[in-house]
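The values are calculated or read from the model by the stated rules, or taken from the named source; none is laboratory data. Since the structure is predicted, the reported quantities are computational estimates derived from the model, not experimental observations. Glycine also receives a Cβ, built like all others from the backbone with ideal geometry; neighbour counts cover every protein chain displayed.
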Amino acid sequence: MDKQAETSAGKSKIWKLGVLLGLLVIVASIIIFVQSQQEDDPSKWLPGEQSYQYSDPLSFKYSENNLWGKVDKEMYLPLNHPEYIGVNIANRIIRDRDKVYLVQAEQGNYVYPDFLMAVHHVINTEIDSKPVMITNCDLAGSCALYSRKLNDQVLSFGISGQLYEGNIVLYDQETDSRWLQMKGEGISGPLAHNRLTQTQSPSSTTWEKVKNLENLKVLKPVRKLEYYRSIHNRILKDQFGLQTVLPNGQPDPRLDPYDLGIGISVHGESLFVPVSVAYSCRMIQMEVGGWSLVVVRDEKDIIGIYRRFFGGQRLSFKLHDYGKKLIETKTQSIWDFNGRCIEGSLKGERLDSPRYSQAYWYSWSKIHPKSKIQDC
């Protein structure tokens with residue numbers, strides 16, 4: 001009986017050990033399965049892609065000590081409710097090599113010549129029946145398009161007469177809050193730490209590259225052309241913006257102060273993409289602050305920047321069709337340089353565009369002193 005009991009007890013231990021091993025195998029399998037599912041879940045392995053572009057009220061460190069000049073709201077008056085002209089009249093007043101800003105909308109292609117914007121700086125208008133502001137600062141090389149609607153209020157803007165690190169400071173007529181033109185962010189007043197919605201960034205190009213587009217609406221001048229061009233030429237010649245930042249220290253020597261580029265900030269990390277780099281590379285893929293991005297340049301020398309995070313995955317692109325299009329390597333879908341998929345399983349989809357700024361290096365680097373510089 002003792003031997004039988006020992007044998008039975010031994011078999012029981014073996015059986016329990018087998019059950020325990022089996023349970024361990026099952027648990028291990030479950031852990032491996034869960035981990036594999038997490039790897040496919042972007043919220044687990046791409047936390048930066050899932051978060052907002054900015055984690056702080058302002059995307060830069062503001063210091064009132066870096067303001068330059070006195071308030072003078074009559075220096076340059078904004079243009080409200082502008083009128084537009086067609087291509088035939090525009091051809092008589094705009095030269096082929098003149099710099100222009102293009103805004104592509106449902107109701108047409110809006111063109112804002114730089115030499116006109118240099119006088120008005122701010123245009124309060126509507127595009128596609130939505131209240132917007134087109135604002136330009138030739139001193140800092142910046143042009144932007146913002147929604148004028150903030151919460152339930154429609155704002156109207158002008159320039160305060162002051163500069164911040166070479167960039168004009170705007171004010172809104174409703175609350176007299178101050179806004180940095182390049183960033184569309186409130187820096188003082190009742191609306192401080194608010195951020196205007198950037199519906200798109202006007203594309204910088206030349207008149208000869210856009211004058212054959214359909215349904216052109218070109219900003220109509222309200223003064224004599226000689227006045228516009230004299231003011232514009234003086235601004236470009238004097239390089240006055242740079243002079244205003246020198247009391248706060250020399251500009252970052254890594255680039256020429258007047259190198260023009262695209263600046264973007266994500267999660268506190270800033271990157272500057274020189275226009276010369278974007279022109280030579282045609283397409284650049286990068287990561288900034290955990291966001292995967294792509295910068296492209298089309299045949300009209302229009303530069304666009306888009307997020308590569310779509311549908312829970314990071315996309316990867318290559319130039320396609322002799323550099324006229326993009327092909328996504330995983331899905332083999334074809335995309336144009338406006339961030340739209342035109343062929344393949346993702347046809348009809350569109351990449352999101354982050355907030356970004358066009359600016360001269362001296363101004364961008366003063367506002368973002370730790371900015372990195374992109375190369376090919």
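Summary table
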| read-out | value |
| --- | --- |
| Residue under evaluation I93, criteria (1) closer than 20 Å to G261 by Cα; (2) in contact (Cβ under 8 Å) with a residue 60 or more places away in the chain; (3) not small (G, A, S), criterion not met | (1) |
| Any hit, the stretch 267-274, residues being touching a residue at least 60 places away in the same chain (Cβ under 8 Å) and farther than 27 Å from Q374 by Cα | no |
| Selection within the stretch 142-179 - touching a His at 6+ places or on another chain (Cβ under 8 Å) and within 24 Å of P251 (Cα to Cα) | I168 |
| Subset of the stretch 110-135 that is in contact with an Asp or Glu (Cβ under 7 Å, 6 or more places away or on another chain) and part of a strand (DSSP E or B) - its residue that is nearest to V222 (Cα to Cα) | P113 |
| Residue list for the stretch 147-161, restricted to those being part of a loop (DSSP other than H, G, I, E, B) and among the polar types (S, T, N, Q) | N151, S156 |
| Out of L191, L216, L196, sole residue that is touching a helix residue (DSSP H, G or I) at 6+ places or on another chain (Cβ under 9 Å) and assigned by TED's automatic domain parsing to the domain that holds H81 | L216 |
| Count - residues of the stretch 310-330 that are modelled with pLDDT of 95 or more and either closer than 25 Å to Q198 by Cβ or surrounded by 16 or more Cβ atoms within 10 Å (Cβ to Cβ) (or both) | 5 |
| Residue check, K220 touching a residue at least 60 places away in the same chain (Cβ under 8 Å), closer than 25 Å to H368 by Cα and basic (K, R) | no |
| Scope the stretch 258-269; condition part of a strand (DSSP E or B), closer than 22 Å to L315 by Cα and touching a Gly at 6+ places or on another chain (Cβ under 7 Å); matching residues | V266, E269 |
| Subset of the stretch 161-191 (residues that are surrounded by fewer than 22 Cβ atoms within 10 Å (Cβ to Cβ) and of a type in the set (S, T, N, Q)) | Q162, Q173, T175, S177, S188 |
| Condition met for S345 (surrounded by 14 or more Cβ atoms within 10 Å (Cβ to Cβ) and either in contact with a Pro (Cβ under 6 Å, 6 or more places away or on another chain) or outside the structural domain of Y101 (by TED's automatic domain parsing) (or both)) | no |
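Quick grid of which residues meet (1) touching a residue at least 12 places away in the same chain (Cβ under 8 Å); (2) crowded, with 16+ Cβ neighbours inside 10 Å; (3) of a type outside the set (A, V, I, L, M, F, W, C):
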{"residue": "S55", "(1), (2), (3)": "yes, no, yes"}
{"residue": "K70", "(1), (2), (3)": "yes, no, yes"}
{"residue": "K73", "(1), (2), (3)": "yes, no, yes"}
{"residue": "Y76", "(1), (2), (3)": "yes, yes, yes"}
{"residue": "V103", "(1), (2), (3)": "yes, yes, no"}
{"residue": "Q107", "(1), (2), (3)": "yes, no, yes"}
{"residue": "H121", "(1), (2), (3)": "yes, yes, yes"}
